[in-house]
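Enquirer: Have a look at this one.
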Amino acid sequence: MMRPEQFDRLFHALADPYRRNMVEQLSRGPATVSELAEPIAIALPSALKHLKVLEDGGLVRSEKAGRVRTYRMRPDALTSVAQWVRQREAQMNKAFDRLVEAMTETPERDD
């Protein structure tokens with residue numbers, strides 16, 4: 001499981017619409033900085049800043065070949081988030097189950 005500060009960085013990375021767009025694009029395959037910046041119409045320096053946040057959040061990794069930097073989604077990027085969500089869902093379902101149980105055990109009152 002991720003440490004809290006890692007979750008904070010990951011959720012911070014996903015909090016921005018430009019970065020979410022980049023994640024969507026990268027989920028379809030690797031892309032260069034230019035390819036990621038073009039559809040959202042931002043300058044390359046801005047795209048690099050967003051990509052740095054995504055990298056710090058553990059969502060993407062990059063490699064440089066010559067002058068071209070290519071980004072890829074990390075295969076396990078969203079695994080921890082999915083586990084965290086499943087755990088919250090399980091806790092909520094247990095709470096609802098307890099509520100249903102309590103409601104069925106409580107006799108109805110005629111007023």
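The values are calculated or read from the model by the stated rules, or taken from the named source; none is laboratory data. Keep in mind that this is a model prediction, so the values were computed, not measured. Here the Cβ is made from the backbone with ideal geometry for all residues, glycine too, and neighbour counts use every protein chain on show.
Enquirer: Name the residue that is nearest to the chain's Cα centre (by Cα), counting only residues in region 1-24 that are of a type in the set (Phe, Trp, Tyr) and farther than 22 Å from residue 63 by Cα. Don't jump to the end; show me each part of the working.
Expert: Looking only at region 1-24, we keep the residues that are of a type in the set (Phe, Trp, Tyr), and these are 7, 11, 18.
Filter once more, so that each one left must be farther than 22 Å from residue 63 by Cα: 7, 11.
Working: 7: 9, 11: 6 Å.
So the residue we want is 11.
Enquirer: Taking region 47-77, which residues are more than 27 Å from residue 4 (Cα to Cα) and of a type in the set (Ser, Thr, Tyr)?
Expert: Within region 47-77, 70 is the sole residue that qualifies.
Enquirer: Anything in region 14-45 that is over 19 Å from residue 67 (Cβ atoms) and either hydroxyl-bearing (Ser, Thr, Tyr) or assigned to a loop (DSSP other than H, G, I, E, B) (or both)? List them, or say none.
Expert: Let us first name the residues in region 14-45 that are over 19 Å from residue 67 (Cβ atoms), namely 14-29, 39-42.
Residues satisfying the conditions are 15, 16, 18, 27, 28, 29, 41, 42.
Enquirer: What are the pairs, 6+ residues apart or on separate chains, where a residue within region 32-45 that is in contact (Cβ under 8 Å) with a residue 12 or more places away in the chain has its Cβ under 6 Å from a residue that is part of a strand (DSSP E or B)?
Expert: 32/68; 32/70; 33/69
Enquirer: Among the listed residues 27, 80, which satisfies the condition of being under 17 Å from the mean Cα position of the chain (by Cα), modelled with pLDDT under 90, closer than 24 Å to residue 6 by Cα and small (Gly, Ala, Ser)? Reasoning before the result, please.
Expert: Working: 27 fails: modelled with pLDDT under 90.
Exactly one of 27, 80 is under 17 Å from the mean Cα position of the chain (by Cα), modelled with pLDDT under 90, closer than 24 Å to residue 6 by Cα and small (Gly, Ala, Ser), namely 80.
Enquirer: Mind listing just one residue for me: the one in region 56-105 that is among the acidic types (Asp, Glu) and more than 21 Å from residue 20 (Cβ to Cβ) and, of those, surrounded by the fewest Cβ atoms within 10 Å (Cβ to Cβ)? So that I can check it myself, show each step before the final result.
Expert: Residues of region 56-105 among the acidic types (Asp, Glu): 56, 63, 76, 89, 97, 101, 105.
Filter once more, keeping what is more than 21 Å from residue 20 (Cβ to Cβ): 63, 89, 97, 101, 105.
Working: 63: 10, 89: 10, 97: 10, 101: 10, 105: 7.
Selected residue: 105.
Enquirer: For residue 37, are the conditions met, namely being at pLDDT 95 or above, within 22 Å of residue 12 (Cβ to Cβ), exposed (fewer than 10 other Cβ atoms within 10 Å of the Cβ) and not polar (S, T, N, Q)? Spell out the reasoning first.
Expert: On the way: at pLDDT 95 or above: yes; within 22 Å of residue 12 (Cβ to Cβ): yes; exposed (fewer than 10 other Cβ atoms within 10 Å of the Cβ): no; not polar (S, T, N, Q): yes.
Against the criterion (at pLDDT 95 or above, within 22 Å of residue 12 (Cβ to Cβ), exposed (fewer than 10 other Cβ atoms within 10 Å of the Cβ) and not polar (S, T, N, Q)), residue 37 does not qualify.
Enquirer: Follow-up question, since we're still on this one. Name the pairs whose Cβ atoms lie under 6 Å apart, with the first residue in region 51-77 and of a type in the set (Gly, Ala, Ser), the second in a strand (DSSP E or B) and surrounded by 14 or more Cβ atoms within 10 Å (Cβ to Cβ), and 6 or more positions between them or separate chains?
Expert: Final answer for the pair search is 62/69; 62/71.
Enquirer: Among the residues of region 57-64, are any within 16 Å of the chain's Cα centre (by Cα), more than 21 Å from residue 12 (Cα to Cα) and part of a loop (DSSP other than H, G, I, E, B)? Lay out the reasoning, then the answer.
Expert: Here is the first cut: in region 57-64, the ones within 16 Å of the chain's Cα centre (by Cα) are 57-61.
If we keep only those that are more than 21 Å from residue 12 (Cα to Cα) as well, we get none.
Within region 57-64, not a single residue is within 16 Å of the chain's Cα centre (by Cα), more than 21 Å from residue 12 (Cα to Cα) and part of a loop (DSSP other than H, G, I, E, B).
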